[in-house]
Amino acid sequence: MRKPVNPFGSVPAPDRRRTSGGVTSVAGFTPTNSNTRISPAVLSRPAPSSTPANPAANPGLSSDRLRQAMVQRLRAQGISDERVLDAMAAVPRHVFVDEALASRAYEDAALPIGHSQTISQPWVVARMIAAVCEDRTPARVLEVGAGCGYQAAVLAQLIREVHAIERIRGLFEMARTNLRALRLATRVRLIHGDGMVGLPSLAPFDAIVVAAAGLAIPQALLTQLAPGGRLIAPEGDTHQRLVLIERTGASSWKRTELEAVRFVPLRAGIQT
Ligand code: SAH
């Protein structure tokens with residue numbers, strides 16, 4: 001059972017962390033499927049120097065400081081939208097990971113959340129939200145692949161209506177618990193379902209953020225995008241790239257390929 005109490009109570013032993021193929025991982029956790037940008041230089045760097053010697057002494061303050069350091073790192077990595085940086089600063093990421101990993105919550109790494117899935121890397125979350133919000137503020141967003149609910153919580157800081165779908169029941173419940181703990185349960189509408197079919201009854205969406213990689217972006221999602229709306233999704237198998245789609249007309253979409261990334265796979269159907 002995950003315990004949100006005193007998330008900074010445990011400090012990981014140094015050997016808990018290893019790198020493989022340029023991707024940081026936790027012992028026993030496969031480094032593929034890590035919702036991560038492919039960037040060995042960034043991923044293999046040491047933990048931020050602002051990590052306090054004894055984070056357990058004052059968890060609240062420590063997490064605030066670590067989160068500020070995370071935001072500074074995001075700036076240095078090219079995220080410049082202040083709305084997105086404010087949203088990243090507002091959401092306590094440590095609440096969304098297991099207590100044993102909480103002290104690593106503000107590293108720029110994906111972390112396991114159970115069910116062979118991961119919480120997305122902060123840079124990836126910020127990048128995707130910044131891309132769909134550039135020069136606009138979407139009023140209604142659909143997230144496919146809510147996982148533990150972290151990105152949905154960040155989206156809810158700057159978008160009025162957030163709908164988030166998760167196919168694995170255990171994670172859907174975890175997201176619900178986390179969002180309730182942060183009093184965001186009324187701001188985010190969580191659905192246990194198959195996000196590959198989208199949410200036709202609530203379409204169109206001004207923005208769609210897909211947090212798992214398929215070989216191609218599902219057509220259903222493209223058609224549920226409002227004209228002028230934007231969708232971002234990872235695409236590919238072993239080699240993946242973020243793809244930004246803008247709906248330019250009733251039957252026209254503009255496609256732009258962005259950074260190389262690695263996400264968990266998009267799968268059809270639900271898991272109970
Ligand atoms: N948004 C999450 C990322 C979780 S990982 C975060 O904030 O960290 C991606 C998630 O997508 C996994 O939990 C996986 O179960 C889910 N997923 C994969 N295919 C899906 C589908 N067809 N519909 C809904 N969720 C899906």
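Between ARG255, ARG247, ARG241, which is free of Cβ contacts under 8 Å to residues at least 60 places away in the same chain, surrounded by 11 or more Cβ atoms within 10 Å (Cβ to Cβ) and in contact with a Leu (Cβ under 6 Å, 6 or more places away or on another chain)? It would help to see each step written out before you state the result.
Details: ARG255 fails: in contact with a Leu (Cβ under 6 Å, 6 or more places away or on another chain); ARG241 fails: in contact with a Leu (Cβ under 6 Å, 6 or more places away or on another chain).
ARG247 is the lone residue from the list that is free of Cβ contacts under 8 Å to residues at least 60 places away in the same chain, surrounded by 11 or more Cβ atoms within 10 Å (Cβ to Cβ) and in contact with a Leu (Cβ under 6 Å, 6 or more places away or on another chain).
Across the range 93-103, the qualifying residues are those that are under 17 Å from VAL71 (Cβ atoms) and open to solvent by less than 10 Å² (accessible area, probe 1.4 Å), and the one among them that is nearest to the ligand (Cβ to nearest atom) is PHE96.
For the range 157-173, the set of residues classified as of a type in the set (Gly, Ala, Ser) and closer than 9 Å to VAL141 by Cβ consists of ALA164 only. If you filter the range 226-267 down to residues that are under 25 Å from ARG136 (Cβ atoms) and not in a strand (DSSP E or B), you find that the one that is nearest to the chain's Cα centre (by Cα) is PHE263. Looking across the range 241-262, the residues that are out of contact with any helix residue (DSSP H, G or I) (no Cβ under 8 Å at 6 or more places or on another chain) and either among the basic types (Lys, Arg) or within 14 Å of the ligand (Cβ to nearest atom) (or both) come down to ARG241, LYS254, ARG255, ARG262.
Per the conditions (1) within 12 Å of the ligand (Cβ to nearest atom); (2) in contact with a helix residue (DSSP H, G or I) (Cβ under 9 Å, 6 or more places away or on another chain); (3) open to solvent by 20 Å² or more (accessible area, probe 1.4 Å), the sole criterion not satisfied by SER116 is (2). Here is a check on your reading of the model: is ALA109 closer than 25 Å to SER62 by Cβ, more than 10 Å from the ligand (Cβ to nearest atom), in contact with a Leu (Cβ under 7 Å, 6 or more places away or on another chain) and not in a helix (DSSP H, G or I)? Against the criterion (closer than 25 Å to SER62 by Cβ, more than 10 Å from the ligand (Cβ to nearest atom), in contact with a Leu (Cβ under 7 Å, 6 or more places away or on another chain) and not in a helix (DSSP H, G or I)), ALA109 qualifies. The residue that is nearest to GLN151 (Cα to Cα), counting only those in the range 46-97 that are modelled with pLDDT of 95 or more and in a loop (DSSP other than H, G, I, E, B), is VAL91. In the range 132-225, counting only helices (runs of 4 or more DSSP H) that sit wholly within it, the ones holding 3 or more residues that are open to solvent by less than 20 Å² (accessible area, probe 1.4 Å) span 150-158, 169-181. Determine, yes or no, whether GLY236 is at positive phi, open to solvent by less than 30 Å² (accessible area, probe 1.4 Å) and without any contact (Cβ under 8 Å) to a residue 24 or more places away in the chain. So GLY236 passes the test. Set side by side, the residues ALA131, ALA139 differ, and just one is within 17 Å of the chain's Cα centre (by Cα) and either more than 11 Å from the ligand (Cβ to nearest atom) or among the hydroxyl-bearing types (Ser, Thr, Tyr) (or both), which is ALA131.
The values are calculated or read from the model by the stated rules, or taken from the named source; none is laboratory data. Nothing here was measured: the structure is a model prediction, and the numbers come from that model. So basically every Cβ, Gly included, is an ideal-geometry build from the backbone, and we count neighbours across all protein chains shown. Just so you know, the surface numbers come from the protein's heavy atoms only, side chains and all, with ligands and any DNA or RNA stripped out. Shrake-Rupley method; radii C 1.70, N 1.55, O 1.52, S 1.80 Å.
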